[in-house]
Amino acid sequence: MEIFELARTVRDRDPARPTWIEAVTCYAGLQAVLMHRVAHALYRRGFKALARAVSHTNRFITGIEIHPGARIGRRLFIDHGMGVVIGETAEIGDDVLIYHGVTLGGLSLANRAGPGGKRHPTIGDGVAIGAGAQVLGPIRVGEGARIGANAVVASEVPPGETVIGIPARPPHEHRILTGASVGRTPPAPSPGYGLLDQPCDPVGEEIATLRAEMAALRAELATLKRQQAGVPAAE
Ligand SMILES: CC(C)(COP(=O)(O)OP(=O)(O)OC[C@H]1O[C@@H](n2cnc3c(N)ncnc32)[C@H](O)[C@@H]1OP(=O)(O)O)[C@@H](O)C(=O)NCCC(=O)NCCS
């Protein structure tokens, strides 16, 4: 069921490590994606006004505005969520992370490709988009790319690239422009806030350790009981 997949994603990706109950009940991003599934299904069947009503209710409840026409892949994690806007022709791949205040919007009325034309970005699998970033126009953000908080992106981002600032560029290009790169070695990119090098589950690991310790204690207790039973002189 999708709700469990989304809850696992929340637990894996939020450094606050919520419980399962918290993930389902207190994460507007999870609720927004589920409500969008309903709105999108209605939209595709031609019930556009009803779809808009569901999407509007979604915005009212979660603070996240997703046009019913937007196509969203699996395990999207919208963290915090408030103020996120996702346009009608936006497409989002799998395992994407979006923080609050992000817009996947159109750039200008001039670049509309006519009614039904593509106006909004396509976001590749595994992309992370920082808080307040604006990604505009029918551009592609390549798989695994990272967009810094408050960046404004209006042109293609290659797969795996990190871009920051306005207009968004890789950090080393900003350093060259400001002269800050003189005589310094660029730092290795870190995974970034809320991103993981590899999936980890510290709570699960802790439980596994406790279970192993409990099993060892039970075994020890059983041994002691057997020894006690076998040595009546000690009683
Ligand atoms: C883009 C990002 C993933 C890059 O992470 P990173 O690879 O660890 O990069 P660093 O933090 O080492 O920063 C590299 C350089 O870019 C600058 N930089 C990083 N993010 C920036 C941003 N959003 N805007 C402007 N400059 C930024 C840093 O100051 C640093 O500059 P310097 O080398 O001149 O000192 C990260 O900075 C970011 O913006 N993450 C989103 C965080 C977010 O939205 N959090 C909300 C949580 S509620």
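The values are calculated or read from the model by the stated rules, or taken from the named source; none is laboratory data. These numbers come from a predicted model, not from an experiment. Don't worry about glycine lacking a Cβ; one is built from the backbone with ideal geometry, like all the others, and counts go over all protein chains shown.
Of all residues being out of contact with any Pro (no Cβ under 6 Å at 6 or more places or on another chain), assigned to a helix (DSSP H, G or I) and of a type in the set (D, E, K, R) in the stretch 12-31, which is surrounded by the fewest Cβ atoms within 10 Å (Cβ to Cβ)? Just the residue, please.
Top of the filtered list is Glu22.
Restricting to the stretch 1-19, name every residue that is farther than 15 Å from Pro202 by Cβ and of a type in the set (A, V, I, L, M, F, W, C).
Correct list: Met1, Ile3, Phe4, Leu6, Ala7.
Results for (1) modelled with pLDDT of 90 or more; (2) away from the ligand (no atom under 16 Å from the Cβ); (3) closer than 30 Å to Arg140 by Cβ; (4) acidic (Asp, Glu), shown as yes or no for each residue.
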{"site": "Pro159", "(1), (2), (3), (4)": "yes, no, yes, no"}
{"site": "Gly179", "(1), (2), (3), (4)": "no, no, no, no"}
{"site": "Asp201", "(1), (2), (3), (4)": "no, yes, no, yes"}
{"site": "Glu235", "(1), (2), (3), (4)": "no, yes, no, yes"}
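Does the stretch 136-174 hold any residues that are more than 20 Å from the chain's Cα centre (by Cα) and part of a strand (DSSP E or B), and which are they?
Arg169
Please specify each residue of the stretch 85-103 satisfying the condition of being in contact (Cβ under 8 Å) with a residue 40 or more places away in the chain and touching a His at 6+ places or on another chain (Cβ under 7 Å).
Within the stretch 85-103, Thr89, Tyr99 qualify.
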